[in-house]
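First up is the structure itself, then whatever we jot down about it.
The values are calculated or read from the model by the stated rules, or taken from the named source; none is laboratory data. Here the structure is a predicted model, which is why all the values come from computation and not from measurement. Every residue, glycine among them, receives a Cβ derived from its backbone with ideal geometry; neighbour counts consider all protein chains shown. Accessible surface areas use protein heavy atoms only, side chains included; no ligands, DNA or RNA. Shrake-Rupley method; radii C 1.70, N 1.55, O 1.52, S 1.80 Å.
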Amino acid sequence: KYAKMVVDKDFKIAEIDKRIYGSFVEHLGRAVYEGIYQPGHKSADDHGFRRDVMDLVKELEVPIIRYPGGNFVSNYFWEDGVGPLAERPKRLELAWRSLETNDVGLNEFAKWSAFVGSEVMMAVNLGTRGVSDACNLLEYCNHTAGTKYSDLRIKHGVKEPHKIKTWCLGNEMDGPWQLGSKTPVEYGRIAYETAKAMKLIDPDIELVSCGSSGTFMKSFPEWEAVTLEHTYEHVDFVSLHQYFGNADKDTSNFLAKSMETDHFIKTVIATCDYVKAKKRGKKNINLSFDEWNVWYHSNQADQDIMKKNPWQKAPGLLEDIYTFEDALLVGLMLITFIKHADRVKMACLAQLVNVIAPIMTEADGPAWKQTIFYPYLHASKFGRGIALQPVLYSTKHDTKDYTDVNDVESVAVYNEERDEVTIFAVNRDLQDAIDFSCDVRSFENFEVIEHIMLAEDDLLLVNSAVKQAVAPKQQNTTTVEGGILTTSLMKASWNVIRLG
Ligand code: AHR
């Protein structure tokens, strides 16, 4: 078994939009309350934001964060979350059958995002609300002053507009679980009218039209074709959502699932381009992969909470504890996004804190890093620059649902500013280390800066508040000689090989 690759300065896919390393905070479970915000916690600042969480988010260098949902947004009344705290209503939150206190709203979230150095990607409610509510929210956020909603923001103590650039036109509107779900024509119409009006208010914004909730939807990709025919003129992106699990405990099959991500992306690109051709359009619709992750560990517990014990404030929902193998799949999905850097311009790891998240918090204790924190960190830190077309040959294997699965998946990124190349590689083989060579002759005199890896014998190893069992290690045997890199990729491993 072996893999060999050629990367060349001139084989460019595209400049990576850093927003592919985005994330997501929804008013769900303990993401906001006990996650980013917990007044009274020993690490809380004067605003009630947990400093320990902010430090970890800053370490991840998250460029953009989607907010406030998710399913939550489809019955959200943003006005409940602004103005004096004492006057904010408590609400039954129907998407997750929880109690929403509205202690945190958009102004607090925008402040927190600025503290952690992230942009906000705001979603509007197109489930139970419509065009005028979206316009009011945009006026409140982005208009300078002198109008009803901009002056209301100023009255609420926020003089400068938030200038939020990226807006999602609803969330998963095809899903029957969504409050106010719609047929493709119903959604296409309301999204078109909302987009048109929002761009009149602020022509500089970018809009994301809802794609399918996943490839499992029977209406995929017809949904994209029909809705984009309505929205094409006024939107810039279409959304993709995808979650994977390993309920069958078949790791080889699980690690092959990133091939579905690749196929999903190609299908959506083809559908966007079909609509473009039909419209005799000039612009491309790009892809916003604004929900993706592993999600399955907590499913049963969540059903129990929502059915048997609803209307709690910040219940422990979607608290997946991630294994080492989950980190490998997260790495594989990141490699797939980089390979499609010419069309995937945004992506949000769903989510950021406590809810299917790389960062967890203890209510009375510290914040800590899950296994998936690391591939996300490495890609965000070292995956900025130009995505290079990998000419990759790898030996292959078959799994229960997939054939011709590459033993090694890999991509490289050239950062011109730092004059560094980073090769990301996953060895999917569960038994053997694999010899990997890479021709890097176009990068004259480049040497190995470091080879970081995640490699564990126990695929089900997890981290916790007291133990970082899964953490990066250095691999010290990687060399470059005569422009050829050679190394051994340990069985079941995530690898980040930095050259400069
Ligand atoms: O991220 C969790 C949920 O998954 C989101 O609320 C929803 O959009 C998706 O179904």
Quick one: the Cα spread of the chain along its three principal axes, in angstroms, biggest first? 67, 58, 43
Taking the alpha-carbon centroid of each part, what is the distance from the stretch 189-236 to the stretch 1-56 in angstrom? 26 Å
Once neighbouring chains are kept in place and the probe is 1.4 Å, which whole percent of the accessible area of the chain is contributed by carbon and sulfur? 51 percent
Looking at this model, which pairs from Lys165/Lys199; Lys42/Lys163; Lys182/Lys339; Lys381/Lys473; Lys218/Lys276 are more than 21 angstrom apart at the alpha-carbon? Lys42/Lys163; Lys182/Lys339; Lys218/Lys276
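Is any helix in the chain, taking whole DSSP H runs, at least 27 angstrom long along its axis by alpha carbon and on average at least -0.5 on the Kyte-Doolittle scale, and which ones?
Length and hydropathy pass: 258-278.
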Val462 accessible area, assembled protein chains, probe 1.4 Å, Å²: 60 Å²
Mind checking which of Ala225, Thr147, Leu499 is farthest towards the positive end of the chain's charge dipole, using Cβ charges of +1 (Lys, Arg) and -1 (Asp, Glu) about the Cα centre? Thr147
Residues with beta-carbon under 11 Å from that of Pro184, excluding Pro184: net charge, scoring Lys, Arg +1 and Asp, Glu -1? -3
Label-to-label distance, nm, for residues given as His156 and Glu444 (7 Å Cα→Cβ offset): 5.8 nm
Taking the Cα centre of the chain as origin and charging only Cβ (+1 Lys, Arg; -1 Asp, Glu), how large is the dipole, in debye to the nearest 20? 1120 debye
Using per-residue counts of other Cβ atoms within 10 Å, averaged over each peptide, order 345-353, 291-299 from highest down. 345-353, 291-299
Calculate for the chain the 222 nm mean residue ellipticity that helices alone would give, adding -39,500 (n - 2.57) per DSSP H run of length 4 or more and normalising by residue count, nearest 500 deg cm²/dmol. -8000 deg cm²/dmol
Place the peptides 173-179, 383-389 in order of packing, highest mean first, counting for every residue the other Cβ atoms within 10 Å and averaging per peptide. 383-389, 173-179
Heavy-atom accessible area per residue of the chain, all protein chains kept, 1.4 Å probe, expressed in Å², is 38 Å²
The stretch 138-294, relative contact order in percent, only Cα pairs under 8 angstrom and at least six apart counted: 20 percent
